[in-house]
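The values are calculated or read from the model by the stated rules, or taken from the named source; none is laboratory data. None of the values given here were measured: they were computed from a predicted structure. Don't worry about glycine lacking a Cβ; one is built from the backbone with ideal geometry, like all the others, and counts go over all protein chains shown. Ligands, DNA and RNA are excluded from the accessible area calculation, which covers all protein heavy atoms including side chains. Shrake-Rupley method; radii C 1.70, N 1.55, O 1.52, S 1.80 Å.
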Amino acid sequence: MPPKRPSTTKTPRTPAVPVSGERNSIKEEFLQVLLQNPQGVNQNTLKEAFPNLEVPDVAGIINELLTERRIVLGEDPATKSPVFKAITENNYDLVKNLDTKQWEVYKTIEESGREGASTRTLRSKSQLPLPILKKILDNMITQKLIKSFKSYQGGNKLFYILFNVEPDSKHKPPFWADRHFVDVITQQCLNFISDKGFASLADVRSFINKFSTDPLKDEEVQMILDVLIYDDKIEAFKRPTKTTLGKKDENLYKATRFSLPMSALTLAPCGRCPVYDQCTPFGDISPKTCVYLDKWLGLTL
């Protein structure tokens, strides 16, 4: 008797996500993954997070969440690839009642992230007349869904961004654009270095950022120090330090004698010392080894 041919009937695949309360539960898990990654998650990462789901099931849940306005489609700024972002619970209570036109405008602003969306971009993507677009934007600002700001880099053009998002730093004016701020910061740096005796760039940066609303970067602090050097108010010197990689010279800064305030201390030998410029706290010529300073202080006979 010939062997039986194996049956060619395919066993129907059991849906990985039943159309029941379990599907809603998995949708909530999807949302939690997205909420924990506000920068956005791509579809492949979602598939890896839910290995028991088939690709069509993942796509189906994503489409449902998009339709329900629980998530939006955005773009990864680094790879330019599409990512999905969750809408926070507070914002969802507001956006769920937006009409189609308002929703399209909101999505465009959401997708822009910290870059913000200009009026031109919003008009181009929504195809709305300017008066209607402005009315929608004003309503969203009133509801605290979005906010507007002027971009220094964009020639003070108006941009729109989500209410709880801060604009990218490139939109803000550089610190040196505010002349008064620069003058105050420069004088404070000089006072700090004079009072401390000497300071490193890191010391100065830490001091400035205690009262600066926008923390300055190392290169910006270096610009201030360079100005003080060019004005002959401070000078740089090196201190040898030991590191795990061996010896290294650390750059430090001290006030010049021309910038020191007039007081009884100006009568010290330092004010008339011919090698003052070579005197450093840790060099061959230093206050610790100065016999003239010891004599002036009465430490020697």
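Within region 12-23, not a single residue is at pLDDT 85 or above and open to solvent by 20 Å² or more (accessible area, probe 1.4 Å). Tell me which residues, restricted to region 238-255, are open to solvent by less than 80 Å² (accessible area, probe 1.4 Å) and modelled with pLDDT under 85. Hits for region 238-255 are ARG239, THR241, THR243, GLY246, GLU250. When ALA264 is tested against (1) among the aliphatic types (A, V, I, L, M); (2) modelled with pLDDT under 70; (3) in contact with a Leu (Cβ under 6 Å, 6 or more places away or on another chain), exactly one condition is not met: (3). Out of ASP178, ASP195, ASP203, ASP214, one residue alone is under 24 Å from CYS279 (Cα atoms), out of contact with any Leu (no Cβ under 7 Å at 6 or more places or on another chain), surrounded by fewer than 14 Cβ atoms within 10 Å (Cβ to Cβ) and charged (D, E, K, R). It is ASP195. Of the residues making up region 204-225, those that are in a helix (DSSP H, G or I), over 15 Å from PRO174 (Cα atoms) and without any contact (Cβ under 8 Å) to a residue 12 or more places away in the chain number 1. Might you let me know whether region 100-112 holds any residue that is exposed (fewer than 13 other Cβ atoms within 10 Å of the Cβ) and of a type outside the set (Lys, Arg)? Checked region 100-112: at least one residue is exposed (fewer than 13 other Cβ atoms within 10 Å of the Cβ) and of a type outside the set (Lys, Arg).
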